[in-house]
Amino acid sequence: MEVDSKAHPFLSYILSLRPLRQPLMLASKPSSSNAVEVDLEANEQHGEALVKEMPGLLQPELVAKMMAAVSDVVQTRSVLQSLGDRPDHEAVDEASRRVAEIERNLSRRLEEIVMAEPPEGCDRAEWLSLQAQKEKDARIAADKEKLPYKTVVHLYEMHVAYEDLLHEAEERLTTIYREAESGTQPVQSVDGNDDDGDEMNEEVVRILQEASERRLDRVELTSRNLKHFPEGFCKITTLVLVNLSRNKIQAVTDSIAGLVNLETLDLSGNVLVSLPDSIGLLKRLKFLNISGNKLKSLPDSISMCSELIELDASYNQLTYLPTNFGYQLANLQKLLVQLNKLRSLPSSVCELKSLRYLDVHFNELRSLPEALGDLKNLEVLNASSNFSDLVSLPDSIGELTNLVELDVSNNQIKELPYSFGSLQNLKKLNLDQNPLMTPPNEIVVQGVEAVKEHMAKRWLDYLLEEEQKYMSANSNTNNQTNNGWVQWGSSVFGGLISGTKESIRGYLGASKKPHMESYLEQQY
């Protein structure tokens, strides 16, 4: 599992170093600046070009700090090396499918147990106890059967998360080097001990005083090893931006409501397990980044942040979004909730009328909301990698008239809805790793336009089939009515192929005449 030196030059170099007296993860604080010695000469060839460009990498103190800053990468890499290589998509798809199959079988078995009638003369208490034991045994057996398949999926998820960790680590190392080079932050040992915390607290106090005295509008304390949310900043009402990303903050206090003018809040890369309800009092908040934490849910009050434009809650452990999530977020344009454990999206998401970008990939979504088509301004939708859970798309997807990019790869979708041909602005489409039957693969490989045309033809075929059923059931019906049905279907088909904006929803009303037809009528 070598790190690509081109993509991650700092990280590749630091991980190649071989400490003489200590393991790569520093277990104790060095007693002096020379306590951590690195065999730089032995690695001279590996990073010769990088060291020539970045001579600061020859400083043992700086290298020690950088090594400590990537201890999470070392630990994760060690675990993954012991677990094995990253499973391919086929293996993950099959494992996910088997897990879903086992869960369906379990549901049927539990239903049989619940619906079973006790035999005559059987004591009711004994019967209930027996059924409870059967239910328990069924669940245990299912869990045991799912274990090897869930292990495959989990290993894949770990490898994906590791790749993201590499990017974050490279950013950390770049920041550390630049700060040391510019002299904005002294080189210190980073080992997580309380001694460093005291130094960091002094820095926070200094910045707090400066922000208060000068009535600053922004505070950035990224990568400061902070373990506690600095409440003192909540009294500085002039703050418009607060960046506390890449720290170790475990909780945010209710006092955050004091930041009445706050527009941007970045809490990404911490260890938050929850957010306070008071976050809903940040009425001017426009950009909220809480990615890379340990959040299992969002407070209902988050929907009260009515000015919110962008919300990034990716890389957490969310299993659901608040029921009322979309009702008051009329200005939200970008929603990122990828790499969570969402099984469904609340129907209120379809009330996000300003939404342009929606990323829900790598969750456990079983479906997308039926009213998805109400998101008229949506331009990008990524619902990929929900694997065996996502098996279909809602019919209303054809109403996303502004959709430009759609990624539904790595799912179990077998058929696209007829309305797919209405996506006139769709330019990028990814259907890879789906057991698609409609459209067939020979159409898919021809590109997005071929897919749209094929689905439009499918829609016309459906209309003709329905017409035949209608005529068969109503043989005495006026022929003009029947002809009108076919003419309408042909009009829609022609519009779809030629690129007009008419939606298949015209099925519910009269179609508009094409522009050229109206023009010709005017001539007569």
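Points worth noting:
- Karplus-derived 3J(HN,Hα) values for segment 447-463, using 6.51 cos²θ - 1.76 cosθ + 1.60 with θ = phi - 60°, are x, 5, 5, 5, 5, 4, 5, 4, 5, 5, 5, 4, 5, 5, 4, 5, 4 Hz; glycine and proline are entered as x.
- Ordering of 140-148, 377-385 by packing [mean C-beta count within 10 Å, highest first]: 377-385, 140-148
- Under 5 Å, built H, 5+ apart or other chain: amide partners of L332: S354
- Taking Lys and Arg as +1 and Asp and Glu as -1, the other residues whose beta-carbon sits under 15 Å from that of R284 total -1.
- Computed FRET value (nearest 0.05) for E179 with K294, which takes r as the C-beta separation and R₀ as 35 Å: 0.80
- Mean Cβ count within 10 Å, highest first, over the residues of peptides 274-285, 461-472: 274-285, 461-472
- Residue pairs, from the table K227/K341; K227/K334; K144/K227; K341/K427; K227/K296; K283/K376, whose Cα atoms sit over 31 Å apart: K144/K227
- Vicinal HN-Hα couplings computed from phi for segment 132-145 (Karplus, 6.51 cos²θ - 1.76 cosθ + 1.60; Hz; Gly/Pro x): 4, 5, 4, 5, 4, 4, 5, 5, 4, 5, 5, 4, 5, 5
- Here the gap between D137 and L464, fully extended at 0.36 nm per residue and compared with their Cα-Cα distance, gives a gain of 112.5 nm.
- At 0.692 mPa s and 37 °C, Stokes D of segment 269-357 from Kirkwood alpha-carbon radius, µm² per second: 257
- E310 paired with Q250, simple spin-label distance in nm, labels 7 Å along Cα-to-beta-carbon: 3.1
- The residues packed around E310, meaning those with a beta-carbon under 12 Å from its beta-carbon, carry a net charge of -2 if Lys and Arg are +1 and Asp and Glu are -1.
- Between the amide H of E220 and those of N243, distances stay under 5 Å, these residues lying 5 or more places away or on another chain, with hydrogens modeled in the peptide plane.
- Karplus-based coupling profile of segment 161-168, in residue order and whole Hz: 5, 5, 4, 5, 4, 4, 5, 5, with θ = phi - 60° in 6.51 cos²θ - 1.76 cosθ + 1.60 and x standing for Gly or Pro.
- The mean sequence distance of close C-alpha pairs (under 8 Å, at least 6 residues apart), as a share of the length of segment 293-343, puts its relative contact order at 45 percent.
- Among 214-225, 362-373, the peptide with the highest mean count of other Cβ atoms within 10 Å heads the list, and the full ranking is 362-373, 214-225.
- Around the Cα centre of segment 89-162, unit charges on the Cβ atoms of Lys, Arg, Asp and Glu (plus for the first two, minus for the last two) sum to a dipole of about 200 debye.
Where a number appears in this text, it was derived from the coordinates with a stated rule and is not lab data. For clarity, every value in this text was computed on a predicted model and none was experimentally measured. Methodologically, a virtual Cβ is constructed for each residue, glycine included, from the backbone with ideal geometry; neighbour enumeration extends over all protein chains shown.
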